[in-house]
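Note sheet for the following structure.
The values are calculated or read from the model by the stated rules, or taken from the named source; none is laboratory data. Quick caveat: nothing in here was measured; it's all calculated off a predicted structure. Ideal geometry is used to build each Cβ from the backbone, glycine not excepted, and the neighbour counts take in all protein chains shown.
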Amino acid sequence: MANRYWVTGGNGNWSSTTNWSTASGGGSGASVPSTSDAAFFDASSGSGTSVLDISPTVQTINFTGFAGTFNFGSNNLSLNSTGTIFTGSTSMTVSGTPVVNCTNATSTARTVSPQTVTEANSISFNVTAGTGNFTVTSANTVKNLNFTGFTGTWLAVSCVLYGDLTVTSSMTMAAGGVVTFSSAAATQKITSNSINFDRAITINGTANTVQLQDNLTTGSTRTVTLTNGTLDLNSKTLSTGIFSSNNSNTRSVLFGTGNITLTGSGAVVFTVATATNLTFTGTPVINAIYSGSTGTRSFNCPTSFAEATAPSFNISAGSDIVSFGTTSRIVKSVNFTGFTGTLTDFAVVLYGNLTIASGMTLTASANTTTFSATSGTQQITTAGKTIDNPIKFDGVGGTWSFADALTQGSTRAFTITNGTIKLKNGVTSTVGVFTAAGANQTYLQSSSAGSQATLSQASGTVNAQYLYAKDIAATGGATWNLVNQSVNQGNLSGWYVAHQQNAYYPGGFF
């Protein structure tokens, strides 16, 4: 293998012998580097522009110290050796469409060290063959990285991409390292081809979009972090240990019909503490599928979020502890079907359904669960569990229908401020302290018109204000009064109309 050095002080074409020497800063006239040669651009190569006017193949190329411009034009450079095959320079610039093909088919390791620190100077690498290890030197930047044809191992070293990433099912990814997508404006595509992408991923481009081309699976201990820009699931599934977007930068997640599936455990597996400058579109669904019993899985949702795009959570497995925190966190629906662990700290504002699983445990808490939908009918399934925390209904235009009997802790408040409550007909729902109060009319009904539901409170006096009641039997030892703009809409028993607001009777007990 011979060494060839670029020696022109000005502009020149790769294919011209007048630009090449056998020594750094030496005389020109050496042969153009070919398949058995190494090419060097260094401090003695000048600051002009080298034009890749052909698509050559060399063993390696090294730009250490080069301060000029390398113009790829529309041609590619192929490297057919092992070891460190590409070394860039932070002082050089590139132009054209920079593409380097790594074509060596042996099992010997290869490393590329582009060195570039800006998107404009980033270079694409196609690793088209080989069964050995491939490394992009730590913290180096590349444009596109394509492993189509590669059957070796991409070693676990962190790198920054300004373009697309394509990995293949025939290769192996060593665990570890962070892949950061940082384009300032481009759409960056990830194609995983069903490989286990056992790396952390960071999306940190100020105006970029990172778009999944197929389902992407990272390791259960890996985090996908959205710091800036847009994550476009493209209706695919992103399966990762932890998802984090915990800042106030402008960022979006485009779900379409896709979802984020969390496999992590013993940690805050979903952390989006602030909704400032955050947008969810499509149908946001978060699945939590860890099936073990270790530790606590926490879901750190924002305290303010749009009803239409609040995320739904399916906690479908696990016998561990699950927590949504002690502050009012915004969610759509929460479904615990399949979960057999313990739910603690469930201070949430729900815009959708709540489904409790029969095999789970609920801890007592003074934190309030608030139902706040403003349209449609939301379903609440208790699965026979005692809800030993305060419950509040506060959605103008919202309706909540119980699928089964409610049993609430004896000291816990059951408060209706806005909306319509439909208790399960034919069964007894037991509340702690029933309150219907507020400036807006509220409604208490049976889930089946004409068939009574029974509402029980052990003691005390209930003075329900602004409540339209229908098909409800009040019982349990408490005194039940309809007062101050409350109305009997029919088929009631156990209630007393204190101020003759009864639409069917002039007052009294019925």
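Some notes on this structure:
- Scanning the stretch 243-267 for residues being crowded, with 18+ Cβ neighbours inside 10 Å and closer than 19 Å to T217 by Cα gives a total of 14.
- Close contacts from the stretch 233-255, counting a first residue that is in contact (Cβ under 8 Å) with a residue 60 or more places away in the chain and a second that is part of a strand (DSSP E or B) and surrounded by 22 or more Cβ atoms within 10 Å (Cβ to Cβ), with Cβ to Cβ under 8 Å and a gap of 6+ residues or different chains, come to none at all.
- Single residue of the stretch 182-212 satisfying the filter (in a loop (DSSP other than H, G, I, E, B) and among the hydrophobic types (A, V, I, L, M, F, W, C)) that is surrounded by the most Cβ atoms within 10 Å (Cβ to Cβ): F197
- Filter pass, V322 being surrounded by 20 or more Cβ atoms within 10 Å (Cβ to Cβ), under 19 Å from I242 (Cβ atoms) and of a type outside the set (F, W, Y): yes
- Across the stretch 173-186, the qualifying residues are those that are of a type outside the set (A, V, I, L, M, F, W, C) and modelled with pLDDT under 95, and the one among them that is nearest to G229 (Cα to Cα) is G177.
- Some residue of the stretch 3-10 being in contact (Cβ under 8 Å) with a residue 40 or more places away in the chain and β-branched (V, I, T): yes
Condition check ((1) assigned to a strand (DSSP E or B); (2) over 21 Å from F305 (Cβ atoms); (3) without any contact (Cβ under 8 Å) to a residue 12 or more places away in the chain) across all residues:
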{"site": "A357", "(1), (2), (3)": "no, yes, no"}
{"site": "S365", "(1), (2), (3)": "no, yes, no"}
{"site": "A373", "(1), (2), (3)": "no, no, no"}
{"site": "G384", "(1), (2), (3)": "no, yes, no"}
{"site": "K392", "(1), (2), (3)": "yes, no, no"}
{"site": "G395", "(1), (2), (3)": "yes, no, no"}
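- F299 meets the conditions (1) under 17 Å from the mean Cα position of the chain (by Cα); (2) closer than 26 Å to T420 by Cβ; (3) surrounded by 22 or more Cβ atoms within 10 Å (Cβ to Cβ) in every case but one. The failed one is (2).
- In the stretch 219-242, residue surrounded by the most Cβ atoms within 10 Å (Cβ to Cβ) [restricted to those that are more than 27 Å from T118 (Cα to Cα) and in contact with a strand residue (DSSP E or B) (Cβ under 6 Å, 6 or more places away or on another chain)]: T240
- The one condition in (1) surrounded by fewer than 16 Cβ atoms within 10 Å (Cβ to Cβ); (2) at pLDDT 95 or above that I85 fails to fulfil: (1)
- Conditions (1) buried (at least 19 other Cβ atoms within 10 Å of the Cβ); (2) out of contact with any Asp or Glu (no Cβ under 8 Å at 6 or more places or on another chain); (3) modelled with pLDDT of 95 or more; number of the one not met by N215: (1)
- All positions within the stretch 147-162 that are buried (at least 21 other Cβ atoms within 10 Å of the Cβ) and either free of Cβ contacts under 8 Å to residues at least 24 places away in the same chain or not aliphatic (A, V, I, L, M) (or both): F147, F150, G152, W154, C159, V160, Y162
- Selection within the stretch 316-341 - polar (S, T, N, Q) and either part of a loop (DSSP other than H, G, I, E, B) or in contact with a Gly (Cβ under 6 Å, 6 or more places away or on another chain) (or both): S316, S319, T326, T327, S328, S333, T337, T340
- Only residues that are more than 14 Å from L77 (Cβ to Cβ) and buried (at least 16 other Cβ atoms within 10 Å of the Cβ) were counted across the stretch 3-23, and they come to 8.
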